[in-house]
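Since the structure comes first, as structure tokens, the remarks are kept for the end.
The values are calculated or read from the model by the stated rules, or taken from the named source; none is laboratory data. This is a predicted model, so every value here is computed, not measured. Note: ideal-geometry Cβ built from the backbone for every residue, glycine included; neighbour counts use all protein chains shown.
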């Protein structure tokens with residue numbers, strides 16, 4: 001059995017697991033604070049964990065936020081270990097109790113240094129997903145040191161990951177997309193210039209102004225997840241027919257853009273360790289996409305869309321084809 005920890009921030013870690021899971025023959029048990037998806041592949045068990053970040057009421061009757069419960073970093077050794085937090089204790093106990101009674105060949109961690117440490121302390125080989133950004137702090141180095149494999153979901157030589165240099169356990173994957181291998185959808189014959197706003201790359205005011213400017217210039221505007229009421233379960237047809245896609249610079253969004261070979265504008269969002277800023281910079285420098293800062297004005301967004309429309313895509317170098325299968329193979333190197 002393979003265990004897999006899915007971090008609950010956003011949906012990208014879940015999406016990545018779902019892309020890789022079909023390529024694994026073993027049973028998989030997923031641990032996450034996220035609710036179980038409506039459908040899971042066969043031989044997949046979902047264990048929902050309690051939250052480790054809720055406010056708690058102490059014995060003195062005072063309500064405290066989780067970050068107020070002592071030194072959550074354990075003197076800078078960890079990222080998140082709130083002192084005496086019931087949810088934090090319960091989630092670690094749930095994982096430990098499961099591993100103690102279920103033979104576990106490997107533990108995939110995406111992402112948490114604390115979960116990786118717990119798994120390895122229990123004698124389970126660990127596979128850790130790396131992320132872009134300045135990950136040279138002590139907790140990240142600790143996680144990389146104890147990992148049996150480190151999976152990098154980007155092409156080798158693109159992201160400058162200083163903390164991974166010289167580590168033999170690193171396995172480059174390329175971009176892992178849920179759409180890897182899916183046939184493109186015909187764009188249609190109306191010859192319209194279409195722009196797709198994918199996800200929350202802009203706040204509502206700037207998005208509305210950018211849409212107004214684009215429509216005035218003759219663009220057909222579509223959106224998926226950019227507002228509160230435009231969620232789309234399957235964005236693949238929209239990606240395929242868009243002339244330009246505007247997206248945040250998260251790893252899964254970039255991989256989906258690459259799978260669709262989409263002309264793109266990426267707007268880096270503020271994230272820990274400058275994750276998206278680093279990603280957006282690399283994409284711009286290497287000619288994959290137009291890049292804009294998080295505070296880009298609507299006019300700058302429109303200008304970026306026009307530049308992207310005139311720039312041929314070159315996403316083949318992001319190596320999406322076969323990346324999910326390569327991830328599964330790297331996991332099975334450890335679990336077999």
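Within region 188-198, does at least one residue satisfy the condition of being modelled with pLDDT of 95 or more, surrounded by 13 or more Cβ atoms within 10 Å (Cβ to Cβ) and within 28 Å of residue 112 (Cα to Cα)?
yes
Please work out if residue 245 is within 30 Å of residue 130 (Cα to Cα), in contact with a strand residue (DSSP E or B) (Cβ under 8 Å, 6 or more places away or on another chain) and either modelled with pLDDT of 95 or more or assigned to a helix (DSSP H, G or I) (or both).
yes
Could you list, in sequence order, all residues of region 107-132 that are closer than 14 Å to residue 2 by Cβ and more than 21 Å from the chain's Cα centre (by Cα)?
Across region 107-132, the qualifying residues are 119, 124, 125.
Can you name the residue in region 288-302 that is part of a loop (DSSP other than H, G, I, E, B) and touching a strand residue (DSSP E or B) at 6+ places or on another chain (Cβ under 8 Å) and, of all such residues, is nearest to residue 205 (Cα to Cα)?
Among those that are part of a loop (DSSP other than H, G, I, E, B) and touching a strand residue (DSSP E or B) at 6+ places or on another chain (Cβ under 8 Å), it is 296.
Residues checked against (1) assigned by TED's automatic domain parsing to the domain that holds residue 12; (2) touching a helix residue (DSSP H, G or I) at 6+ places or on another chain (Cβ under 7 Å); (3) over 28 Å from residue 181 (Cα atoms); (4) surrounded by 15 or more Cβ atoms within 10 Å (Cβ to Cβ):
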residue	(1), (2), (3), (4)
218	no, no, yes, no
230	no, no, no, no
241	no, no, no, yes
253	no, no, no, yes
258	no, yes, no, yes
270	no, no, yes, no
275	no, no, no, yes
291	no, yes, no, yes
296	no, no, yes, yes
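How many residues does region 45-95 hold that are in contact with a strand residue (DSSP E or B) (Cβ under 9 Å, 6 or more places away or on another chain) and farther than 22 Å from residue 6 by Cβ?
Here the count works out to 9.
Out of the residues in region 194-207 that are in contact (Cβ under 8 Å) with a residue 24 or more places away in the chain and in a loop (DSSP other than H, G, I, E, B), state the one that is farthest from residue 293 (Cα to Cα).
Among those that are in contact (Cβ under 8 Å) with a residue 24 or more places away in the chain and in a loop (DSSP other than H, G, I, E, B), it is 199.
Part of a helix (DSSP H, G or I) and either surrounded by fewer than 20 Cβ atoms within 10 Å (Cβ to Cβ) or modelled with pLDDT of 95 or more (or both), is that true of residue 212?
When the stated conditions are applied, residue 212 passes them.
Inside region 303-322, can you point out the residues that are part of a helix (DSSP H, G or I), crowded, with 22+ Cβ neighbours inside 10 Å and out of contact with any strand residue (DSSP E or B) (no Cβ under 9 Å at 6 or more places or on another chain)?
Result: 318, single match.
Checking residue 42 against (1) closer than 30 Å to residue 336 by Cβ; (2) out of contact with any strand residue (DSSP E or B) (no Cβ under 9 Å at 6 or more places or on another chain); (3) exposed (fewer than 14 other Cβ atoms within 10 Å of the Cβ); (4) at pLDDT 95 or above, only one condition comes out false. Which one?
Here residue 42 meets the rest and fails (4).
All but one of (1) surrounded by fewer than 18 Cβ atoms within 10 Å (Cβ to Cβ); (2) assigned to a loop (DSSP other than H, G, I, E, B) hold for residue 78, so report the exception by its number.
Unmet for residue 78, out of (1) surrounded by fewer than 18 Cβ atoms within 10 Å (Cβ to Cβ); (2) assigned to a loop (DSSP other than H, G, I, E, B): (1).
Kindly evaluate residue 207 against the criterion of being on the phi < 0 side of the Ramachandran plot, touching a strand residue (DSSP E or B) at 6+ places or on another chain (Cβ under 7 Å) and not assigned by TED's automatic domain parsing to the domain that holds residue 288.
Against the criterion (on the phi < 0 side of the Ramachandran plot, touching a strand residue (DSSP E or B) at 6+ places or on another chain (Cβ under 7 Å) and not assigned by TED's automatic domain parsing to the domain that holds residue 288), residue 207 does not qualify.
State whether one or more residues within region 88-101 are in contact with a helix residue (DSSP H, G or I) (Cβ under 9 Å, 6 or more places away or on another chain), surrounded by 13 or more Cβ atoms within 10 Å (Cβ to Cβ), assigned to a loop (DSSP other than H, G, I, E, B) and free of Cβ contacts under 8 Å to residues at least 60 places away in the same chain.
There is no residue in region 88-101 that is in contact with a helix residue (DSSP H, G or I) (Cβ under 9 Å, 6 or more places away or on another chain), surrounded by 13 or more Cβ atoms within 10 Å (Cβ to Cβ), assigned to a loop (DSSP other than H, G, I, E, B) and free of Cβ contacts under 8 Å to residues at least 60 places away in the same chain.
If residue 269 meets every condition in (1) within 22 Å of residue 13 (Cα to Cα); (2) part of a loop (DSSP other than H, G, I, E, B); (3) out of contact with any strand residue (DSSP E or B) (no Cβ under 7 Å at 6 or more places or on another chain) apart from one, which number is that one?
For residue 269, the failing item is (3).
Does residue 59 satisfy being closer than 26 Å to residue 322 by Cα and exposed (fewer than 12 other Cβ atoms within 10 Å of the Cβ)?
Criteria not met by residue 59.
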